[in-house]
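See below for the structure under consideration.
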Amino acid sequence: MRKIIAGINMTIDGFCDHTAGIPDEEIHQHYAELLNNADVVLYGRITYELMGFWKPLVKNPSGEKTMDDFALAMDKIPKIVFSRTLKNTDWESAKLATQPIDEVVSELKQQPGRDILIGSRSLIVALTNLDLIDEYQLCIHPVVIGKGLPLFDKINDRRVFKLLKTKTFESGAIILFYKRA
């Protein structure tokens, strides 16, 4: 069975904000490898629209290798977008979900293949409540923003995790790898 991996950027004060982190070559390389080793990534509308930043870099590379590699990985990976407001996607590799998230994830998990990534806070909350996430990769950036959306603000029940490993970046960011205990 395929593994469901939730990966998200956070600040040290616990808020999810893809724009507040300190992306560097190491972090871009890590996430490009994560995308290249998966078969699909699931996004909510907000994160999907934020990821659109990478689309132009495919045709007009920045010249920074790890950013360009990440853009290519992001462009290539199939994306399923959960949205009540989007009518279509503007990315060839993206499609709108037509079923509820629990059905999509359960169906994907039964298929052969590589990992399934979850890249949006709202989907991580929903799938945590459904007990469908196998691994969490929380990238904590050494930044305090003082406001925003906390990752686990709407969890139904207490959850206990086991730390699998950590990965530290020169920027001071650290990824905590957890699985359900």
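So, counting K/R as plus one and D/E as minus one, what does the shell of residues with Cβ under 15 Å around Ile174 add up to?
Cβ neighbours under 15 Å give a net charge of -2.
With θ taken as phi - 60° and the coefficients 6.51, -1.76 and 1.60, list the Karplus ³J(HN,Hα) couplings across region 141-149 in order, rounded to whole Hz; mark glycine and proline as x.
Whole-Hz 3J(HN,Hα) from phi for region 141-149: 8, x, 9, 10, 10, x, 6, x, 9.
So which DSSP H runs in the chain come out at 15 Å plus along the axis (Cα) with average Kyte-Doolittle of at least -1.0?
Membrane-span-like by this rule: 25-36, 65-76.
Mind checking the dipole of the chain: about its Cα centre, +1 per Lys or Arg Cβ, -1 per Asp or Glu Cβ, Debye to the nearest 20?
The dipole magnitude comes to about 520 debye.
Normalise the Debye intensity by I(0) for region 91-181, one equal point scatterer per Cα, no solvent, then take log10 at q = 0.11, 0.17, 0.20 Å⁻¹ and round to two decimals.
Log10 I(q)/I(0), no solvent term: -0.40, -0.94, -1.19.
FYI, it's all coordinate maths here, none of it is from the lab. Keep in mind that what you see is a predicted model, and the values were worked out from it rather than measured. As a convention, Cβ positions derive from the backbone with ideal geometry for all residues, glycine included, and neighbour counts pool all protein chains shown.
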